[in-house]
Amino acid sequence: MDADSYWGQISDPLVYRVRPIYRLCLYGFALLEGFFLLFPLVSSALAGPVHGYGDFASGVLFTLLVAWLTLFCALYPTRAFVRITSDAIEHRWVFATESMRRDEVTGRKRFYAKKGGREYYKLVSRSGRELRIDDGALNVDDAFDAWLGSIPEIEEHHRLCAERYKGF
């Protein structure tokens, strides 16, 4: 199914959010990390004063790392999404938003993570800027696939350009 057939029927932009199973897993992981975050704080309060800076520094580093992971796992399911319209795509991460107009995109490349990991797309613009779309964690449909399917694969794009400029 092509992208134009969808946009004739749809007036609003399409928004794709994180799949419910990923949301559940990330919220559970954030809760588990919250317990790990409380453990060093409670144990250091019960242990009394710290006599060496090495133990204190490693405890603070561990606490900050776990706090960052907890924050990421708690915010990713609620803030991350991909929004597509007939002329643009926008990808919101936890702490950043990237967008690209459709007329800027010159090609796409699909990557597969090793050992059963998630797959993702990279969209490449004329200026060389890349936009990574992680569709493995998103609830995507045929309209999403049609929108990305209308953008040529990077290898095909390079082959067509090479044929066009072969005589120069």
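The values are calculated or read from the model by the stated rules, or taken from the named source; none is laboratory data. Quick caveat, the model's predicted, so the values are computed rather than measured. Cβ atoms come from the backbone with ideal geometry, glycine included; neighbour counts cover every protein chain shown. Only protein heavy atoms, including side chains, enter the accessible area calculation; ligands, DNA and RNA are left aside. Shrake-Rupley method; radii C 1.70, N 1.55, O 1.52, S 1.80 Å.
Filtering Asp103, Asp55, Asp87, Asp134 for residues that are modelled with pLDDT under 85 and closer than 30 Å to Pro13 by Cβ leaves a single hit, Asp134.
Regarding Leu69, is this residue open to solvent by 50 Å² or more (accessible area, probe 1.4 Å) and at pLDDT 85 or above? Yes. With the condition kept exactly as written, say whether any residue in region 120-127 is open to solvent by 70 Å² or more (accessible area, probe 1.4 Å), over 17 Å from the mean Cα position of the chain (by Cα) and modelled with pLDDT of 80 or more. Yes, some residue in region 120-127 is open to solvent by 70 Å² or more (accessible area, probe 1.4 Å), over 17 Å from the mean Cα position of the chain (by Cα) and modelled with pLDDT of 80 or more.
Return yes or no: is Val18 modelled with pLDDT of 80 or more and surrounded by 11 or more Cβ atoms within 10 Å (Cβ to Cβ)? Judged against the criteria, Val18 is a match. If you filter region 128-152 down to residues that are under 12 Å from Arg17 (Cα atoms) and among the acidic types (Asp, Glu), you find that the one that is most open to solvent (accessible area, probe 1.4 Å) is Asp141.
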